[in-house]
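Undergrad: After the structure tokens below, expect a handful of questions from me.
The values are calculated or read from the model by the stated rules, or taken from the named source; none is laboratory data. As the structure is a computational prediction, the values presented were derived from the model and not from experiment. We place every Cβ from the backbone using ideal geometry, glycine too, and count neighbours over all the protein chains shown. We work out accessible area using only protein heavy atoms, side chains counted, and drop any ligands, DNA or RNA first. Shrake-Rupley method; radii C 1.70, N 1.55, O 1.52, S 1.80 Å.
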Amino acid sequence: MSHLSVAKFGGTSVANFDAMSACANIVMADANTKVVVLSASAGVTNYLVELANGCDANRRSEILDAVRTIQYNIINKLQKPDAVSAKIEEILQHITALADSASLATSLALTDELICHGEMMSTLIFTQLLAERNYPAVWVDVRNVVATNSHFGKAAPNDEKTQQQTDAVLKPLLAEGKIVITQGFIGRDAEGKTTTLGRGGSDYSAALLAEVLNANDVLIWTDVPGIYTTDPRVVPDAKRIDTISFNEAAEMATFGAKVLHPATLLPAVRSNIPVYVGSSKAPEQGGTWVTRDPQPRPTFRALALRRNQILLTLSSLSMLYAQGFLANVFAILTKHKISVDVITTSEVSIAITLDKTGSASSGADMLSEELLTELRQYCNVQVETDLALVAIIGNNLHTQSGIAKQLFDTLAPYNVRLIGYGASTNNVCTLVQNHEADEIIRALHAALFE
Ligand code: ADP
Ligand code: ASP
Ligand code: MG
């Protein structure tokens, strides 16, 4: 079979008419790009989440106007706005009705049903844009393809069913020579209800579709020309990384590098599908290839930052010589679907950070009262907020001498709340104060990369 690429364009890439036109140029310049996955136009999902969380009538109409303006600013520049405006009106009416319901009672299922419409609108408009250029684009409702469980807000894909639906729905279109335009972020559960994969989930959708289509690669088109040694918004001198391994990129994503959704690399690793990251505004600038075993593999690769972390310190006198304390704590966290990431232990206490990355679409608070009440039955619970997790990503960090010295020397002026080192060959992480995080990233970048 000929080369097949799945391309994904993020929110800023489809934010306005010019940005969308640049995406159309990229798609039409590459005959291998036969499946295109889009995010909602920048800002739309945030507005829809606000509606889904319930707001008063005034705010609802303000938000509806804002969403309408974003979409019509693009539609009005099409050659034939009427070709999509009726469908967009229908969607806006549907959003209005769902927002009215959400103002009375919110639910996770209702949230997903409401927020899926951002991607619905962007894909309808983009399909029309390509049609006006006589490109054989066809719009597909991805809910007929991506099957998930019913964990609304952060649903997990059902790989087998997604494969079957891909074979039935997508493959015949591709065999006819059509270019499929479809939504990222959303899916459907066994009962027919709309689900979402979590904020930023369109990257994950693209990788999932690439896997079931046996694609040769996934092209993530975003607002930066590749993966950098750290977020270029924090460190303007950050350098582009030309090639990086799946493991390193997965660590970066997990520890907060927003450029890829943390789950994106799962299908890519499983099926060994290279992932490219480039800028839709400046494709000529090149980008980063994420592959299984690129060379060289430097000791220090990148720095990642996750803001607004929660640290739980759980202490119990009965932990001394006791068995089962950790098991009980983890059982409670599992029950509340919370994943723990960095952990340190002492004789009678454990400190753990809670992983918020790839968080639920509703933005719901992880630390619920029910969770705290259950934990308090076993131990004293101390909650600290306003912390940030700074991670150094690299290779064989645990076997090199001098890593700790470099780290401690640079961190000397700052209060370091916790350090995680030794479990992973690919990272060292430290928990610091939120307000010092950017400064610390800049200091570490200067010490390790410049
Ligand atoms: P999209 O809407 O296309 O999915 P995102 O905003 O989710 O785009 O991700 C792109 C952003 O990721 C960049 O604008 C950049 O600020 C941020 N980012 C964080 N860490 C990195 C990094 N190491 N390299 C590149 N970009 C990064
Ligand atoms: N539109 C969704 C979000 O803003 C998904 C995505 O952009 O990847 O989170
Ligand atoms: Mg993103």
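Undergrad: Being within 16 Å of ligand 3 (Cβ to nearest atom), of a type in the set (A, V, I, L, M) and outside any loop (DSSP other than H, G, I, E, B) is the filter here; which residues of region 8-28 pass it?
TA: VAL14, ALA19, listed by residue number.
Undergrad: Could you say which residue among SER316, SER280 is more than 19 Å from GLY256 (Cα to Cα) and surrounded by 21 or more Cβ atoms within 10 Å (Cβ to Cβ)? Let's see the steps before the verdict.
TA: Values: SER316 fails: surrounded by 21 or more Cβ atoms within 10 Å (Cβ to Cβ).
Only one candidate qualifies: SER280.
Undergrad: Follow-up question, since we're still on this one. Does LEU260 qualify as being in contact (Cβ under 8 Å) with a residue 24 or more places away in the chain, open to solvent by 40 Å² or more (accessible area, probe 1.4 Å) and among the hydrophobic types (A, V, I, L, M, F, W, C)?
TA: Working: in contact (Cβ under 8 Å) with a residue 24 or more places away in the chain: yes; open to solvent by 40 Å² or more (accessible area, probe 1.4 Å): no; among the hydrophobic types (A, V, I, L, M, F, W, C): yes.
Judged against the criteria, LEU260 is not a match.
Undergrad: For region 396-410, name all the residues that are out of contact with any helix residue (DSSP H, G or I) (no Cβ under 7 Å at 6 or more places or on another chain) and of a type outside the set (Ser, Thr, Tyr).
TA: Of everything in region 396-410, those that are out of contact with any helix residue (DSSP H, G or I) (no Cβ under 7 Å at 6 or more places or on another chain) and of a type outside the set (Ser, Thr, Tyr) turn out to be ASN396, HIS398, GLN400, GLY402, ALA404, LYS405, LEU407, PHE408, ASP409.
Undergrad: Restricting to region 246-261, name every residue that is within 13 Å of ligand 3 (Cβ to nearest atom) and assigned to a loop (DSSP other than H, G, I, E, B).
TA: Selection gives GLY256, ALA257, LYS258, VAL259, LEU260, HIS261.
Undergrad: Separate question: Inspect all residues belonging to region 279-300 and state whether any of them is in a strand (DSSP E or B), of a type in the set (D, E, K, R) and closer than 26 Å to TRP221 by Cβ. Full working, then the answer.
TA: To start, the set of residues in region 279-300 that are in a strand (DSSP E or B) comprises 279, 287-291, 300.
Then drop every residue that is not of a type in the set (D, E, K, R), which leaves none.
No - not one qualifying residue is present in region 279-300.
Undergrad: Would you be able to say whether some residue in region 228-235 is open to solvent by 10 Å² or more (accessible area, probe 1.4 Å) and more than 10 Å from ligand 1 (Cβ to nearest atom)?
TA: No, the conditions are met nowhere in region 228-235.
Undergrad: Sticking with this one: Pick from THR430, THR373, THR385, THR399: which is surrounded by fewer than 17 Cβ atoms within 10 Å (Cβ to Cβ), under 30 Å from the mean Cα position of the chain (by Cα) and not small (Gly, Ala, Ser)? Even if it seems obvious, please write down each step before you answer.
TA: Working: THR430 fails: surrounded by fewer than 17 Cβ atoms within 10 Å (Cβ to Cβ); THR373 fails: under 30 Å from the mean Cα position of the chain (by Cα); THR399 fails: under 30 Å from the mean Cα position of the chain (by Cα).
Checking each option against the conditions leaves just THR385.
Undergrad: Taking region 8-47 as the region of interest, how many residues are closer than 17 Å to ALA207 by Cβ, within 15 Å of ligand 1 (Cβ to nearest atom) and open to solvent by 40 Å² or more (accessible area, probe 1.4 Å)?
TA: Result for region 8-47: 0.
Undergrad: Only one of ILE70, ILE63, ILE74 is assigned to a helix (DSSP H, G or I) and open to solvent by 20 Å² or more (accessible area, probe 1.4 Å). Can you tell me which? Can you show your working first?
TA: Numbers: ILE63 fails: open to solvent by 20 Å² or more (accessible area, probe 1.4 Å); ILE74 fails: open to solvent by 20 Å² or more (accessible area, probe 1.4 Å).
Matching residue, one of ILE70, ILE63, ILE74: ILE70.
Undergrad: Hey, another quick one. Can you name the condition, by its number, that TYR135 falls short on among (1) more than 25 Å from the chain's Cα centre (by Cα); (2) part of a helix (DSSP H, G or I); (3) within 30 Å of LEU174 (Cα to Cα)?
TA: For TYR135, the failing item is (2).
Undergrad: A further question follows. Scan region 215-244 residue by residue and report those that are touching a residue at least 60 places away in the same chain (Cβ under 8 Å) and either within 16 Å of ligand 2 (Cβ to nearest atom) or basic (Lys, Arg) (or both).
TA: Residues satisfying the conditions are VAL218, LEU219, ILE220, TRP221, THR222, ASP223, LYS239.
Undergrad: Among the residues that make up region 29-38, is at least one of them away from ligand 2 (no atom under 16 Å from the Cβ) and in a helix (DSSP H, G or I)?
TA: Within region 29-38, one or more residues are away from ligand 2 (no atom under 16 Å from the Cβ) and in a helix (DSSP H, G or I).
Undergrad: Somewhere in region 245-254, is a residue away from ligand 2 (no atom under 16 Å from the Cβ), of a type in the set (Phe, Trp, Tyr) and open to solvent by 40 Å² or more (accessible area, probe 1.4 Å)?
TA: no
Undergrad: Report the residue count in region 31-51 for those that are closer than 25 Å to GLU211 by Cβ and free of Cβ contacts under 8 Å to residues at least 60 places away in the same chain. Break it down into steps so the answer makes sense when it comes.
TA: Pass one, region 31-51, residues closer than 25 Å to GLU211 by Cβ: 31-40, 45.
Cutting the leftovers down to free of Cβ contacts under 8 Å to residues at least 60 places away in the same chain gives us 31.
Qualifying residue count for the region: 1.
Undergrad: Looking only at residues that are part of a helix (DSSP H, G or I) and more than 15 Å from ligand 2 (Cβ to nearest atom) in region 170-209, which one is least open to solvent (accessible area, probe 1.4 Å)?
TA: Of all residues in region 170-209, those part of a helix (DSSP H, G or I) come to 170-175, 202-209.
Cutting the leftovers down to more than 15 Å from ligand 2 (Cβ to nearest atom) gives us 170-175.
Values: LEU170: 3, LYS171: 77, PRO172: 58, LEU173: 35, LEU174: 37, ALA175: 92 Å².
Taking the candidates together, the pick is LEU170.
Undergrad: Restrict the check to region 112-131 and report whether at least one residue is open to solvent by 50 Å² or more (accessible area, probe 1.4 Å) and either small (Gly, Ala, Ser) or not in a helix (DSSP H, G or I) (or both).
TA: Among the residues of region 112-131, not one is open to solvent by 50 Å² or more (accessible area, probe 1.4 Å) and either small (Gly, Ala, Ser) or not in a helix (DSSP H, G or I) (or both), which makes the answer no.
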